[in-house]
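The values are calculated or read from the model by the stated rules, or taken from the named source; none is laboratory data. Note that the structure is a prediction, hence the values are computed from the model and not measured. All Cβ positions, glycine included, derive from the backbone under ideal geometry; neighbour counts span all protein chains shown. To get the accessible areas, we keep the full protein, side chains included, count just its heavy atoms, and leave off ligands, DNA and RNA. Shrake-Rupley method; radii C 1.70, N 1.55, O 1.52, S 1.80 Å.
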Amino acid sequence: MRTAAVAALAVAYATPLDGQTTTLRVMPAEGQVSRYLIGSETSMAGTTMSTSKRYQTETVVSAAGDVVEIRTVVDSTTMTEAMPGAGGPDLSGMSFTFAMDPRARPTGLTDAGTLTPDAEAAVSATLATSFFELPEGEVSPGDSWSGQTSADIPAGMGATMTMETDIAYTLVGVDGDLAEISLEGTVTMSANTGGMSIEGSGTVTGTAIFDTGSSRLRGHDSVINLNLTMGGMPASMTTSTTLELIP
């Protein structure tokens with residue numbers, strides 16, 4: 001779900017010539033519709049804990065001033081879980097509306113729509129930890145900017161995980177209509193489930209690709225690698241997420 005917060009992003013982007021700069025902002029047209037395939041996989045110590053594949057349709061319902069509202073309909077979801085709740089709630093058939101500011105930073109749900117209470121908590125947490133943020137001012141290829149997030153995330157089986165991120169973004173370059181942005185940063189987390197304390201820290205890396213001709217996100221990927229201590233025992237966890245614009 002982490003990538004749902006950026007899935008309907010439209011960016012006003014002028015391809016920079018040598019030595020020139022550009023401003024990146026969320027400036028979508030009302031009524032813009034995009035359909036995405038979002039996949040994720042979480043593994044621990046090489047064992048797959050959960051996988052998911054979700055098709056969703058996103059429509060810009062309003063874009064006034066500093067607030068953009070996007071309605072999301074989850075068309076279908078397929079999931080596998082090594083244990084109940086490991087992959088989070090199934091959002092199939094649900095809909096909701098969220099808002100973001102001009103720098104693509106989600107500001108939360110504006111309409112929970114048909115989300116169940118568990119699904120609403122999961123979506124809200126995903127929006128709060130979106131791995132994407134546009135720069136405040138003008139940038140040119142090679143320039144970087146940073147963003148931080150902090151949120152409590154449902155972790156299944158009644159547990160809650162606190163996650164904090166500190167991420168550096170870089171405008172890698174522009175090739176025709178495609179603008180590439182890389183991300184790299186740190187992640188820390190803590191949780192308590194069934195009386196067992198869990199602490200972790202690690203890294204997140206990824207890439208976002210924008211089609212500046214059609215003014216929307218073409219793809220996004222991220223990988224989180226965490227080193228954990230679970231009840232005093234070491235462990236590792238990897239979560240990979242991908243997003244792809246589809247016809």
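If you check SER182, SER214 for being out of contact with any strand residue (DSSP E or B) (no Cβ under 8 Å at 6 or more places or on another chain) and either part of a strand (DSSP E or B) or without any contact (Cβ under 8 Å) to a residue 60 or more places away in the chain (or both), only one passes: SER214.
Among the residues of segment 223-232, which ones are under 15 Å from ASN192 (Cβ atoms) and exposed (fewer than 15 other Cβ atoms within 10 Å of the Cβ)? Residues satisfying the conditions are THR229, GLY231, GLY232.
Selection of first residues in segment 109-126 that are β-branched (Val, Ile, Thr) and part of a loop (DSSP other than H, G, I, E, B) and of second residues that are modelled with pLDDT of 90 or more and open to solvent by 40 Å² or more (accessible area, probe 1.4 Å), restricted to Cβ pairs under 8 Å at least 6 apart or on distinct chains, gives the following pairs, ordered by first then second residue: THR114/GLY93.
Table: residues versus (1) closer than 17 Å to ALA119 by Cα; (2) open to solvent by less than 40 Å² (accessible area, probe 1.4 Å); (3) assigned to a strand (DSSP E or B).
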{"site": "ARG54", "(1), (2), (3)": "yes, yes, yes"}
{"site": "GLU58", "(1), (2), (3)": "no, yes, yes"}
{"site": "SER62", "(1), (2), (3)": "no, yes, yes"}
{"site": "SER76", "(1), (2), (3)": "yes, no, yes"}
{"site": "LEU91", "(1), (2), (3)": "yes, yes, no"}
{"site": "THR97", "(1), (2), (3)": "yes, yes, yes"}
{"site": "ALA104", "(1), (2), (3)": "no, yes, no"}
{"site": "THR107", "(1), (2), (3)": "no, no, yes"}
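Please find, among ILE198, ILE167, ILE246, the residue that is among the aliphatic types (A, V, I, L, M) and closer than 22 Å to PRO89 by Cα. ILE198 is the lone residue from the list that is among the aliphatic types (A, V, I, L, M) and closer than 22 Å to PRO89 by Cα.
For (1) under 18 Å from LEU24 (Cβ atoms); (2) surrounded by fewer than 21 Cβ atoms within 10 Å (Cβ to Cβ); (3) over 20 Å from the mean Cα position of the chain (by Cα), each residue gets a yes or a no:
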| residue | (1), (2), (3) |
| --- | --- |
| ALA168 | yes, yes, no |
| LEU171 | yes, no, no |
| ASP175 | yes, yes, yes |
| ALA179 | yes, no, no |
| VAL187 | no, no, no |
| SER201 | no, yes, no |
| THR205 | no, yes, no |
| ALA208 | yes, no, no |
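Taking each residue of segment 79-107 that is closer than 30 Å to ILE181 by Cα and modelled with pLDDT of 95 or more and looking for partners that are part of a loop (DSSP other than H, G, I, E, B) and hydroxyl-bearing (Ser, Thr, Tyr) with beta-carbon atoms closer than 6 Å, six or more apart or interchain, yields SER95/THR114.
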